[in-house]
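First the structure, in the form of structure tokens, and then the observations on it.
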Amino acid sequence: MTDYTTIDFSDLAEASADEVITHSFVRDIPLPSGKTLALVTLDNGRDHTRPNTLGPNTLLEYASVLDTLAVRAAAGEIDGVAVTGKPFILAAGADLSKVGDITGVDLARKMGQLGHYALGKISEVGVPSFAFINGLALGGGLEVALNADYRTVDAGVPAVALPEVFLGLIPGWGGAYLLPNLIGIENALKVVIENPLKQNRTLKGKDVLELGIADAMFDSVNYLEDSIRWADGVLSGTVTVKRPHAPGKLEKLAKWDVAIGIATKTLKSRIGEVARAPYLALELLKAAKSGTKAEAFEREDDALTELISGDQFQASVYAFNLVQKRAKRPAGAPDKALAKPVTKVGVIGAGLMASQFALLFVRRLRVPVVITDLDQARVDKGLAYIRDEIAALESKGRISPDEANRLRALVSGTTDKADFASCDWVIEAVFEELGIKQDVFAEIEKHISPEAVLATNTSSLSVEKIGAKLEHPERLVGFHFFNPVAVMPLIEVVNTPATNDETLSTAMVVAGKLKKTAVITRDTPGFVVNRVLAKVLGETMHAVDEGTPFEVVDDAVKPFGLPMGPFELLELVGLKVGAHVLDTHHAAFPDRFFESKNLHALAEHGRILDRDGKGRITGFDKGALKIVKGGTNPQTAEEIRTRLETGLADEIHRMLEDDVVHAAEDIDLCMVLGAGWPFQMGGATPYLDRVGASERAFGDTFHHPRIAGAGD
């Protein structure tokens, strides 16, 4: 087994010379029982907007402080040790920017070993140890607490999680072993695998207690005082700690492997088998049922070494930085000061999409929202949907009864367009047909003020052409949402030649208030997301049209690691919508995008996939197989994949040359947030560089240097 005390970590520390160090401050707390508790407070000296992080120099200082406390414990000076954080923050885990800068396998291994060396010391001080989870605790921050003997949690904690697998890593500083042995395998699978892959779901204080991660929970107002008093009870024997979720022999013999098997099968059906981190995490969780802690920590070291030095983690760091940094500074955005105030919103349409818009606008902007449609029955149906959704939010405790009443009062419906006169922002969600959109905007313009902004949610039509009948086309902007509206974080803001800066600025500010990420695109077919997806779907349907079996095409696309196969995606967006998108792109770029008569026939048929009673895919529909039968030029999966990769690289390069967006980073940001392309792929361009598609397509790469691991 590895002896961490013999490892020289100085080179790792030197590589992070500019690290913002989270210091370990110690003070002795006299307890009512007469005992003494040494309290370590983690604090990087910044406010709550810059959370504590755990870089190499931070970890070395923490280890040194705990070594000193071990000496004091041996001398009888202290009776217990506790660790907590600065206000609102325990720690947000490792500094990803520093981990991402690591080059070489040796430093990658040392990063895992240093975490084990430092965090593990709190369990070796010679007296009982406590962690007071007073705020945000993510990744390594939670592992700080897991390495202690006992834990309390603040009831108001906003987020506790092990999000590593979402970022192409594993909980590698003890979490993959300590957590399942604390709360049982099923609960651990939820925290380590399930939650990160559900949009990085986190735990609140109550969840932390109920799962058994914490032994006690206290209200925020006296959290530290109550935790110290509770720790004194543990030290003096007046408090008995019970852990009903801790796994016994029966669970390890009977349930453990079964739970891992079910989780593995579920994972394969949900995300495929390309992403490495979730499966390594499963292997570690499976192995955690037996063996020693030292053996488990060495397994975690091996896993972290593989991942940190690999392609997928580097792509994940790239994607993480896009979402956390580039998304907050959108390229080409006008000055926010130019934005017009939005005090009332109008929604043209009352169908599902329009009703989702209305609900989102009223929840985020807290201004009156009016919807309209062709007749009162449709308006009433839309209003009923919105009110039902508000009631559901209230029943789940996500909004208060008072807030629910306020939201309901802000929403109204009408069939009289004159009721839109006081709207500052009007968005349409009508049928995707140019003439219809032109007419509804031309009509509504008669009733609204000259200052009001018009927004279209078109997914593929020319925004400029939609505004052709407007007297003031400068007030029109594309505002393309993705479905489901409440969940998908991207809005493509489409800038036409006529759109003025005031309108564009208003759209960007409104998107921000809706808590969405906005990317500005030129007014070209498909904008970004649908143009890239049209390339994927067009190439895959073309392969089917030429006689390649559905399953071979599915296999060809699997190495992309996409959230679903092309035919599942087609059914999700709607076969008729998919056929329309392909037709639109073929009309615009006939030399690069294929039309598919088979897809139109499949749309009339209604499906491609067979599903069981629970909606799970079981194969391909017999009727669909008959429709596509007859192609005479089938391709292998490798041929399809090569053609698709090269075609994608070519299309994205053309989009950048045409300034659809300003950089490859914007393409990837759109694909990650608008189409759910996985972090470990980095969107599209890092993958295309790594597989050589960029070189084949245009003789260069999108990124210099390529975004790849140390071993690439």
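The values are calculated or read from the model by the stated rules, or taken from the named source; none is laboratory data. All figures in this text were calculated on a predicted structure; none of them were measured in a lab. Cβ sites come from the backbone with ideal geometry, for glycine too, and all protein chains shown count toward neighbours. SASA here: full protein model, heavy atoms, side chains in, ligands and nucleic acids out. Shrake-Rupley method; radii C 1.70, N 1.55, O 1.52, S 1.80 Å.
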| remark: Filtering helices (runs of 4 or more DSSP H) wholly in region 174-236 for at least 1 residues that are charged (D, E, K, R) and on the phi < 0 side of the Ramachandran plot gives 185-189, 205-211, 223-236
| note | Log entry, pairs with first residue in region 680-709 being farther than 19 Å from Val532 by Cβ, second being acidic (Asp, Glu) and crowded, with 19+ Cβ neighbours inside 10 Å, beta carbons closer than 7 Å, six or more apart or on different chains, reads Arg706/Asp689; Ala708/Asp311; Gly709/Asp311
| said: Looking only at region 159-174, filter to residues that are in contact (Cβ under 8 Å) with a residue 60 or more places away in the chain and within 29 Å of Trp230 (Cα to Cα); which one of those is most open to solvent (accessible area, probe 1.4 Å)? | reply: Trp173
| field | Condition check for Leu537: more than 23 Å from the chain's Cα centre (by Cα), in a helix (DSSP H, G or I), surrounded by 22 or more Cβ atoms within 10 Å (Cβ to Cβ) and touching a residue at least 12 places away in the same chain (Cβ under 8 Å) | value | yes
| query | Going by the structure shown, is Ala319 at pLDDT 95 or above and within 30 Å of Asp106 (Cα to Cα)? | reply | no
| remark: A careful count of residues in region 543-578 that are outside any helix (DSSP H, G or I) and at pLDDT below 95 gives 6
| request: Give region 389-431 a look and list any residue that's under 20 Å from Val453 (Cα atoms) and among the acidic types (Asp, Glu), or say none. | output: Asp416, Asp419, Asp424, Glu428
| field | Yes/no for Ala511 being free of Cβ contacts under 8 Å to residues at least 40 places away in the same chain, open to solvent by less than 10 Å² (accessible area, probe 1.4 Å), assigned to a helix (DSSP H, G or I) and closer than 24 Å to Gly676 by Cβ | value | yes
| Does His704 meet the test of being under 24 Å from Ile308 (Cβ atoms) and open to solvent by 50 Å² or more (accessible area, probe 1.4 Å)? | yes
| remark: Inside region 461-486, the number of residues satisfying the requirement of being open to solvent by 60 Å² or more (accessible area, probe 1.4 Å), touching a residue at least 40 places away in the same chain (Cβ under 8 Å) and closer than 18 Å to Ser505 by Cα is 1
| message | Scan region 41-64 and tell me whether some residue there is open to solvent by less than 40 Å² (accessible area, probe 1.4 Å), β-branched (Val, Ile, Thr) and farther than 28 Å from Ala231 by Cβ. | response | no
| request: Specify the residue that is most open to solvent (accessible area, probe 1.4 Å); the eligible residues are those in region 76-92 that are over 17 Å from Ile122 (Cα atoms) and of a type outside the set (D, E, K, R). | output: Phe88
| query | Would you pick out the residues in region 515-525 that are modelled with pLDDT under 95 and surrounded by 24 or more Cβ atoms within 10 Å (Cβ to Cβ)? | reply | none
| field | Single match in Gly34, Gly45 (criterion: without any contact (Cβ under 8 Å) to a residue 40 or more places away in the chain and within 29 Å of the chain's Cα centre (by Cα)) | value | Gly45
| Given (1) open to solvent by 10 Å² or more (accessible area, probe 1.4 Å); (2) under 23 Å from Met655 (Cβ atoms), index of the condition Leu582 fails | (1)
| remark: Among helices (runs of 4 or more DSSP H) entirely inside region 237-349, those with 3 or more residues being farther than 30 Å from Ile520 by Cα and not β-branched (Val, Ile, Thr) are 256-271, 276-287, 293-308
| task | Select, from Gly382, Gly413, the only residue that is closer than 14 Å to Ala358 by Cα and either of a type in the set (S, T, N, Q) or touching a residue at least 40 places away in the same chain (Cβ under 8 Å) (or both). | result | Gly413
